[in-house]
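> Below are the structure tokens for one structure; questions will follow.
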Amino acid sequence: PGATSTTLGEARAALIERARLIQPQLWQARSRVLDDWDHEAEAEWRARWASAPLPRTDDGPLVSVVIPVRNRAGMVGTAIESVLAQTLTDWELIVVDDGSTDDTIEVLEGWAARDERIQVVPQEWSGVSAARNRGLDHARGSYLAFLDSDNSWRPDYLRLAVTAMHAQGLRAAYAAMALHEESRI
């Protein structure tokens, strides 16, 4: 008694408006994990940039790669090997050891002794973001790439990324990744 009732048309309009308002939020919250990979789209993209010209640099490396690491002595070598295997060879690798308590620093120094493009930067434990920022302080490249210590790249990753960015005048880019469970590798 005394209350006004909402009509079906008013309720419908209110629901449609609410859905319109939350749609961008739902899009942001959606899963970014797919059960399958579009191999055809990937092949087309790779073919498009495979022969594009690389930009030239006069001084310093073309790409600075930064790997933050903490307590991954047995794993970081795979990430480093994937950088060493790149078809684009004009890079520097800055590995920031974020206060490891295992023998990660010794492993890193071993890699640095094998290739002068690898630089090891030790720091007190400050967290992964601080380690990335410390790597930025040492970077001299025209392009910057971050690689986590438990990840690896395909051999043509840097070349494709740099040529695509350069050709399109992009200042930043990101890449998709495929997850391989250790038990299935």
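> State all residues of segment 102-133 that are touching a residue at least 40 places away in the same chain (Cβ under 8 Å) and of a type outside the set (G, A, S); if no residue qualifies, say none.
Those that are touching a residue at least 40 places away in the same chain (Cβ under 8 Å) and of a type outside the set (G, A, S): R117, W125, V128, R132.
> Could we say that A176 is within 28 Å of W49 (Cα to Cα) and open to solvent by 40 Å² or more (accessible area, probe 1.4 Å) here?
Details: within 28 Å of W49 (Cα to Cα): yes; open to solvent by 40 Å² or more (accessible area, probe 1.4 Å): yes.
When the stated conditions are applied, A176 passes them.
> Now a separate question. Would a scan of segment 96-110 turn up a residue that is at pLDDT below 95 and more than 24 Å from R154 (Cα to Cα)?
Checked against the condition, which is being at pLDDT below 95 and more than 24 Å from R154 (Cα to Cα), segment 96-110 yields no hits at all.
> Right, another one. Can you tell me which of R72, R56 is out of contact with any Lys or Arg (no Cβ under 8 Å at 6 or more places or on another chain), outside any helix (DSSP H, G or I) and closer than 26 Å to V107 by Cα?
Result of the check over R72, R56: R72.
> Hey, can you tell me all the residues within segment 94-127 that are of a type outside the set (D, E) and open to solvent by 60 Å² or more (accessible area, probe 1.4 Å)?
Let us first name the residues in segment 94-127 that are of a type outside the set (D, E), namely 94-96, 99-101, 104-105, 107-108, 110-114, 117-123, 125-127.
Selection gives T101, A113, R114, R117, Q119, P122, W125, S126.
> Kindly provide the set of residues from segment 24-53 that are at pLDDT 75 or above, of a type in the set (S, T, N, Q) and part of a helix (DSSP H, G or I), ordered by number.
The one that is at pLDDT 75 or above, of a type in the set (S, T, N, Q) and part of a helix (DSSP H, G or I): Q25.
> Now, a different point. For A139, are the conditions met, namely being touching a residue at least 24 places away in the same chain (Cβ under 8 Å), closer than 29 Å to S51 by Cβ and surrounded by 12 or more Cβ atoms within 10 Å (Cβ to Cβ)?
For A139, the condition - touching a residue at least 24 places away in the same chain (Cβ under 8 Å), closer than 29 Å to S51 by Cβ and surrounded by 12 or more Cβ atoms within 10 Å (Cβ to Cβ) - is met.
The values are calculated or read from the model by the stated rules, or taken from the named source; none is laboratory data. Just so we're clear, the structure is a prediction, and the values are computed from it rather than from any experiment. Cβ coordinates were reconstructed from backbone atoms using ideal geometry, including for glycine residues, and neighbour counts include every protein chain displayed. The protein model used for the area step is the full one, side chains on, heavy atoms only, and it has no ligands, DNA or RNA in it. Shrake-Rupley method; radii C 1.70, N 1.55, O 1.52, S 1.80 Å.
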